[in-house]
Amino acid sequence: MGFSFKQFHVDDTGCGMPVSTDGVLLGAWAPLQQAEKILDIGAGSGLLSLMAAQRSQAQIDAVELDAQAATVCLKNFAASPWYERLQLHHCSIQQFSPPSSYDHILCNPPYFENGPHASLPGRASARHTDYLSYAELAAALARLLQPQGVASLILPWHNVPSLQRQLQQVGLHLLQQLDVSGRPGKEPNRSLLLVSKQSSDTAPLMSPIWVRDSDGRYSTAMRQLTQDFYLKL
């Protein structure tokens, strides 16, 4: 399987979490243009790292625990125009110990804290918090972010309070929250989050957006976000 974008191709064969709208949303929304050193936690196929490479001049480290996903990710990096700025680390984020911290961290983390697991181990670990709980994610962000750095995440909308409690425990703050729904008038089903060690007096909630209009076409907001990536936009 694979997915072609305007400037790169992603093979997601064997990855627990294939290329998804969530990943594209996060990679397109995160404020990466001025970043110099980026970390991608749970890289999977390498989608977020490749999007970050297209949108910045940063050096990018990607961390992936699953061996099969790491192999695929490495191949995707090697086939991209930015392979010299991309480095894969096959380990857990808990074990990852880089020589310096990052000014931007990206993560599309495991979503589910409970519920039935997928039958395929790789998919189960990518979707559930067994190997990366929200507490462990928050601790990793606090440990690896520069003092002025920020992290961009995407979560199910109803899980945001759970993560926010863990962020508060380690002194991190929610700077922005962009709720996303599938269609206008529908309840949000995911949220894009911007997290920092620095607090802000500005309310974090932004005006919500939706992926598709009532007629099934991509919304204006979605088109504006993703037009540099999707082939047909």
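The values are calculated or read from the model by the stated rules, or taken from the named source; none is laboratory data. None of these values were measured; they are calculated from a predicted model. Because the Cβ atoms are built from the backbone with ideal geometry, glycine has one as well, and the counts that use them run over all protein chains shown. Heads up: the accessible areas ignore ligands, DNA and RNA and are worked out on the full protein's heavy atoms, side chains in. Shrake-Rupley method; radii C 1.70, N 1.55, O 1.52, S 1.80 Å.
Applying the set (1) open to solvent by 10 Å² or more (accessible area, probe 1.4 Å); (2) part of a loop (DSSP other than H, G, I, E, B); (3) in contact with a helix residue (DSSP H, G or I) (Cβ under 9 Å, 6 or more places away or on another chain) to PRO31 leaves exactly one unmet item: (3). Of the listed requirements (1) within 16 Å of LEU106 (Cβ to Cβ); (2) assigned to a loop (DSSP other than H, G, I, E, B); (3) in contact (Cβ under 8 Å) with a residue 24 or more places away in the chain, ASP61 misses just one: (2). Note on region 189-226: residues that are under 19 Å from TRP29 (Cα atoms), out of contact with any Ser or Thr (no Cβ under 7 Å at 6 or more places or on another chain), open to solvent by less than 90 Å² (accessible area, probe 1.4 Å) and in a loop (DSSP other than H, G, I, E, B) total 4.
Within region 34-86, the set of residues being at positive phi and open to solvent by 20 Å² or more (accessible area, probe 1.4 Å) comprises GLY42 only.
Does GLN148 satisfy being surrounded by 14 or more Cβ atoms within 10 Å (Cβ to Cβ), polar (S, T, N, Q), at pLDDT 95 or above and part of a strand (DSSP E or B)? No, not satisfied. Within the span defined as region 167-188, one or more residues are hydrophobic (A, V, I, L, M, F, W, C), more than 17 Å from TRP29 (Cβ to Cβ), part of a loop (DSSP other than H, G, I, E, B) and touching a Lys or Arg at 6+ places or on another chain (Cβ under 8 Å). Each residue in region 67-102 was checked for being among the aliphatic types (A, V, I, L, M), within 14 Å of ILE38 (Cα to Cα) and part of a helix (DSSP H, G or I), and 0 of them qualify.
Could you tell me whether any residue of region 94-111 is in contact with a strand residue (DSSP E or B) (Cβ under 9 Å, 6 or more places away or on another chain), open to solvent by less than 80 Å² (accessible area, probe 1.4 Å), at pLDDT below 95 and farther than 21 Å from LYS197 by Cα? Among the residues of region 94-111, at least one is in contact with a strand residue (DSSP E or B) (Cβ under 9 Å, 6 or more places away or on another chain), open to solvent by less than 80 Å² (accessible area, probe 1.4 Å), at pLDDT below 95 and farther than 21 Å from LYS197 by Cα, which makes the answer yes. Within region 201-231, the set of residues being β-branched (Val, Ile, Thr), over 16 Å from ASN189 (Cβ atoms) and modelled with pLDDT of 95 or more comprises THR220, THR226.
Residues in region 126-145 that are within 17 Å of the chain's Cα centre (by Cα) and open to solvent by 60 Å² or more (accessible area, probe 1.4 Å) were compared, and the one that is nearest to SER196 (Cα to Cα) is GLU136. Annotation: LEU174 fulfils all but one of (1) open to solvent by less than 80 Å² (accessible area, probe 1.4 Å); (2) closer than 15 Å to GLY23 by Cα; the unmet one is (2).
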